[in-house]
């Protein structure tokens with residue numbers, strides 16, 4: 001098997017060290033005419049003018065990178081919620097780097113000897129990690145604003161995208177539920193659901209979609225615990241995490257990071273307790289073992305596991321799975337970052353930052369605490385964020401291990417210098 005760019009596939013993982021079968025034109029074509037044949041072993045389609053393409057090679061672009069990365073999962077924005085064809089020509093609201101400053105992918109994802117920096121949270125790769133701090137540093141807020149020291153302190157505990165990617169799939173809906181167990185019914189008529197999408201496809205089963213959605217948040221220190229092809233799992237597991245961020249509340253190297261969790265149902269070996277590799281796409285017109293030809297899961301699993309070099313007991317079941325997808329793109333401008341009151345309910349009352357600050361300057365604290373994302377304004381502009389209007393505790397502090405709003409209950413390692421009277425007064429105001 002080979003991926004679109006021609007990297008080798010070895011033991012269930014891509015072999016990025018083998019450059020001998022890499023197709024240079026996938027990344028360096030500037031004509032937009034270079035295309036792969038679906039069933040021809042990675043070779044180009046017969047109508048491609050190879051001389052014209054070869055004479056027009058150049059630097060990579062958002063379009064060449066996007067020819068693979070925008071369409072993961074079989075469609076535009078299907079699997080990666082912040083990567084879609086809108087990034088070819090985005091506006092500033094869609095992505096401040098690409099739309100505001102016309103960044104190419106390689107402006108951030110630099111490469112040495114074709115080893116491209118950046119790691120996906122969903123695929124095990126070995127390239128150099130990449131973070132916002134590479135360009136912006138650990139104290140990126142420097143506008144001489146009263147908020148700057150607080151925001152820079154937040155950067156010790158909160159990833160940049162937590163605030164600057166407060167919603168995902170802004171322009172195109174992404175799939176958030178994928179049930180393979182229901183696939184194969186050609187008689188079932190798909191129904192149109194939200195965002196113009198359909199609820200079913202006979203090849204892939206039932207599906208649900210999200211657009212302009214609120215992320216899930218978790219502690220993340222840059223490492224992922226992964227399920228790999230061939231791994232076994234405990235028979236009692238209710239939901240199998242295909243990957244899961246490593247980190248916790250007490251880990252000083254962990255930060256709160258935004259994710260989209262792809263939820264689904266997949267086939268598993270009922271005896272050996274490992275996920276099954278199905279044979280989906282037929283090799284030729286006579287191949288009825290492929291599920292998309294014969295609609296027989298038993299045959300599809302038998303052939304898929306044999307080709308993967310794994311034992312199959314012959315008995316399958318269906319299991320719930322989750323996959324954490326990190327939200328690294330669709331970064332919004334600062335005026336659309338989360339505001340203080342989006343997360344800290346304690347700052348939303350008549351008294352706000354002046355709970356702690358005794359400042360004689362003319363500072364509108366209530367306005368300052370609301371500086372940033374306005375979901376009501378986004379809803380008026382047509383974004384599907386009506387359910388987010390007025391939401392506080394946006395990242396769910398208790399789920400992340402806090403007792404509640406850190407302004408009241410204290411942070412991971414320190415507490416604010418509020419005396420007991422001030423703390424009681426603040427708590428009473430919030431309860432009212």
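Laboratory data are not the source of any read-out in this text; all were calculated from the coordinates shown. Small disclaimer: the values here were computed from a predicted structure and weren't measured. Positions of Cβ are backbone-derived with ideal geometry, glycine not excepted, and every protein chain shown enters the neighbour counts.
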Open item on the list: How high is the relative contact order of the chain? Use alpha-carbon pairs under 8 Å, at least six apart in sequence, and give a whole percent.
Closed with: 13
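Below 8 Å between Cα atoms, with a sequence gap of 6+, how large is the relative contact order for the range 288-403 in percent? Don't skip to the end; give the middle numbers.
Details: 89 pairs, mean separation 23.7, N = 116.
Dividing the mean separation by the residue count of the range 288-403 yields 20 percent.
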Task: Rounded tilt (10° steps) of 420-431 against the dominant C-alpha axis of the chain - done: 60
TODO: Rank the residues 274, 412, 358 as a footprinting-exposure proxy: fewest other Cβ atoms within 10 Å of their Cβ go first.
DONE: 358, 412, 274
Open item on the list: Can you tell me the orientation of helix 297-308 relative to the chain, as the angle in degrees between its alpha-carbon axis and the longest Cα principal axis, to the nearest 10?
Closed with: 90
Open item on the list: With the cut-off at 1.5 for a/c, could you classify the range 268-333 from its C-alpha gyration tensor as rounded, prolate or oblate?
Closed with: oblate
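Among rounded, prolate and oblate, which fits the chain when a ≥ b ≥ c are the square roots of the eigenvalues of its C-alpha gyration tensor, a/c under 1.5 means rounded, and a/b larger than b/c means prolate?
In terms of gyration-tensor shape, prolate.
Based solely on its DSSP helices, what 222 nm [θ] is calculated for the chain when runs of n ≥ 4 H residues each add -39,500 (n - 2.57) and the sum is averaged over all residues, nearest 500 deg cm²/dmol?
Numbers: 15 runs with 90 residues, N = 432.
Using -39500 (n - 2.57) per qualifying helix, the result is -4500 deg cm²/dmol.
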TODO: Return 180, 318 ranked ascending by Cβ neighbour count within 10 Å, so the fewest neighbours appear first.
DONE: 318, 180
TODO: Could you pull the Cα extents of the range 69-156 along its three principal axes, largest to smallest, in whole Å?
DONE: 46, 30, 22
Open item on the list: Between the range 316-389 and the range 140-217, what is the separation of their alpha carbon centroids in Å?
Closed with: 16
Open item on the list: For a quick check: sort 64, 33 by the number of other beta carbons within 10 angstrom, fewest at the front.
Closed with: 33, 64
